[in-house]
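Rule-based calculations on the coordinates, nothing more; no lab input. Keep in mind it's a predicted model, so treat the numbers as computed, not measured. Glycine also receives a Cβ, built like all others from the backbone with ideal geometry; neighbour counts cover every protein chain displayed.
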Amino acid sequence: MRNDLPSGARGVRIIGTGSAVPEGRLTNADFARMMDTTDEWIKQRTGISERRILDLRTQGCSTLARLALERALEASGVKAEELDLIIVGTVTGEMTCPSVAARIAGEIGAKNAAAFDLGAACCGFLYSLNIGESIVRAGRARTVAVIGADAMSSIIDYTDRSVSILFGDAAGCAILRSDDDPSVGCIYQHMGADGSGWHALYIPRREADVPVEDSANPIRLGCLRMNGKEVFRFAVTKFKEVLEDAFAKTGLTPDDVSQVVCHQSNIRIIDSAREKLNIDPSKIFVNIDYYGNSSAGSVGLCLDQLSRAGKITPGKPFMLVAFGGGLTWASSVWKT
Ligand code: UT7
């Protein structure tokens, strides 16, 4: 972080993005061989055909976070030493200390950067983006890398069919840079949490943290426990609410934005919000069929794929939306 910059409202640009997924694939046919499920059930209930899975013997969350960061630096023409701050949204870092952010900062030679991880589950990338943007806008940093990365395969109990089929591993990164035009950047952001619903999605490390009503749950300690129906209900309602709020507060309509980049939770959740708000399917990118739900990795991965495909139209606003464990939710609307 820096003290040599003029403070005050600055503009912020996303000057480059990057993403990373592992080479290993876990298909619905693989699951059908491992447990009592079918390709048809998984596709129909979730929209997922396959997910990317790390080789956890030699790789982890930081492998993907670092790759996504290196690709974003390359795309933006920024050198590692120019970074003032690295934020990694994750719930699956290999170690709690060091943070993934500090570890990869050291690996790539980002010697002028502050670095920390942020835990907001599937909202990890959006919380990091909103916080990183605010720091650059306030003039406290010139160049910030925000990353969402999760190695979900490291916290999945692959004997549980109702949870394991949803998740994959991925990371996405955006490089934020200060701009003289204060009108560019995030024009609206919202972040929220409702901790009273945490037991719908959690990763207990000790018995003491398991709620009594969930004590019969056979999923191992250290693995993700999820009440799918409860999360589904929350997500369908919250996704719609967060989108409505972002459109209302900015005065934008779905026609005004080039893309709504949304967390890839379940195709039925995405379709439900899209239909209720009458958003054209071409404006809501979906890649869940190939990557599953990659938690904090998903929104950054989508943003990078859209950017590289030229779908984030310069001069047109775009919107990002996520919701997940915590329970948390977030939106971010950008003027480019
Ligand atoms: O990023 C946020 C993270 N989480 C989410 O977004 C998850 C939101 N929830 C969901 O996506 C859905 O709840 C799931 C896909 C996880 C489950 O779908 P569902 O339609 O809610 O199924 P269910 O849990 O109500 O289960 C219905 C039936 C049950 O059988 P019975 O009791 O009706 O006989 C389950 O045992 O489907 C069974 N089932 C399966 N059958 C075949 C559950 N998982 C499977 C499976 N294959 N993989």
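A few points about this structure:
- In the chain, the DSSP beta bridges split such that about 70 percent are antiparallel, to the nearest 5.
- Local net charge near VAL231, Cβ-Cβ under 14 Å (Lys/Arg +1, Asp/Glu -1): +3
- Gain upon complete extension [SER134, THR96; 0.36 nm per residue less C-alpha separation]: 11.2 nm
- Label-point gap, in nm, between THR253 and LYS229 - each point 7 angstrom along Cα→Cβ: 4.0 nm
- Per-q log10 I(q)/I(0), segment 185-335, q = 0.14, 0.17, 0.20 Å⁻¹ (Debye; single scatterer per alpha-carbon; no solvent): -0.70, -0.96, -1.24
- Per residue, the convex hull volume that the Cα atoms of segment 11-179 enclose (Å³): 111 Å³
- Where the Cα pairs of the chain fall when distances are cut into 20 Å bins, in %: 34, 58, 8, 0
- Scattering from segment 280-336 was approximated by placing one identical point on each alpha carbon and applying the Debye formula without solvent; log10 I(q)/I(0) at 0.19, 0.23, 0.24, 0.28 1/Å stands at -0.77, -1.08, -1.15, -1.38.
- R0 of 41 Å, Cβ-Cβ distance MET34-ASN278: FRET efficiency to nearest 0.05: 0.55
- Rh by Kirkwood over Cα pairs, then Stokes-Einstein D for segment 119-244 at 0.692 mPa s and 37 °C, µm²/s: 193 µm²/s
- Helix-only CD estimate at 222 nm, as mean residue ellipticity for the chain, using -39500 (n - 2.57) per DSSP H run (n ≥ 4): -9500 deg cm²/dmol
- Integer Hz, Karplus 6.51/-1.76/1.60 couplings in order for segment 27-34, x for Gly and Pro: 8, 4, 5, 4, 4, 4, 6, 8
- Cβ-Cβ distance of ASP181 and ASN287, R₀ of 35 Å, FRET efficiency by 1/(1 + (r/R0)^6): the value works out to about 0.65.
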